[in-house]
Amino acid sequence: RIGGNKNLKLMNPTEGVLLWTDNMCIPKGAAHPRDAMTAIDYFYDPSVAAVLAYYVNYITPVPGAKAKLTAPSAGWQATTMTNLKKDIGVAASLITAAPEVFPTTAYKLKNYYAFKTQGEIDTWNEKFAGIPTGA
């Protein structure tokens with residue numbers, strides 16, 4: 001069920017799905033790479049990553065985010081989590097228990113595709129090779 005609707009269900013293809021994509025990239029030739037690195041460092045802080053995972057209900061690669069979501073730090077994080085709960089209407093415990101957000105090893109093995117050969121990796125990389133260079 002999705003959002004309490006018994007007519008909606010998340011379905012994954014038997015081949016598996018992407019675990020996540022790396023959206024924290026700095027394009028080659030970026031005008032202000034240090035600013036981008038500062039933003040990335042901010043979003044990879046476990047307290048920030050926990051709030052973000054709670055708000056968007058999306059997987060986070062940040063170690064420690066689940067612990068911070070389970071027990072928010074005092075101060076801004078606790079206040080933000082309290083305010084978000086009013087807007088979202090879902091307890092943080094539902095997010096921490098969701099394997100789609102914090103996948104277990106068993107869930108990853110069952111649901112996420114892993115490249116089997118170097119050829120598969122090369123084919124995948126070729127599809128995106130022109131993006132970082134601006135081609």
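So for the range 19-42 (the condition being among the β-branched types (V, I, T), surrounded by 12 or more Cβ atoms within 10 Å (Cβ to Cβ) and more than 29 Å from F128 (Cα to Cα)), does at least one residue qualify?
No.
Residues that are within 12 Å of the chain's Cα centre (by Cα) and either charged (D, E, K, R) or surrounded by 13 or more Cβ atoms within 10 Å (Cβ to Cβ) (or both): does the range 70-79 have at least one?
No: the range 70-79 contains no residue that is within 12 Å of the chain's Cα centre (by Cα) and either charged (D, E, K, R) or surrounded by 13 or more Cβ atoms within 10 Å (Cβ to Cβ) (or both).
Hey, can you tell me all the residues within the range 1-18 that are charged (D, E, K, R) and either modelled with pLDDT of 75 or more or surrounded by 12 or more Cβ atoms within 10 Å (Cβ to Cβ) (or both)?
Residues satisfying the conditions are K6, K9, E15.
If I filter the range 54-64 for residues that are of a type in the set (G, A, S) and in a helix (DSSP H, G or I), do I get at least one hit?
no
Mind checking which residues of the range 93-108 are in a helix (DSSP H, G or I) and either closer than 16 Å to M11 by Cβ or touching a Ser or Thr at 6+ places or on another chain (Cβ under 7 Å) (or both)?
T96, Y107, listed by residue number.
The values are calculated or read from the model by the stated rules, or taken from the named source; none is laboratory data. Note that the structure is predicted; figures quoted are calculated from it, not measured. With ideal geometry, Cβ positions are generated from the backbone for all residues, glycine too; neighbour counts draw on all protein chains shown.
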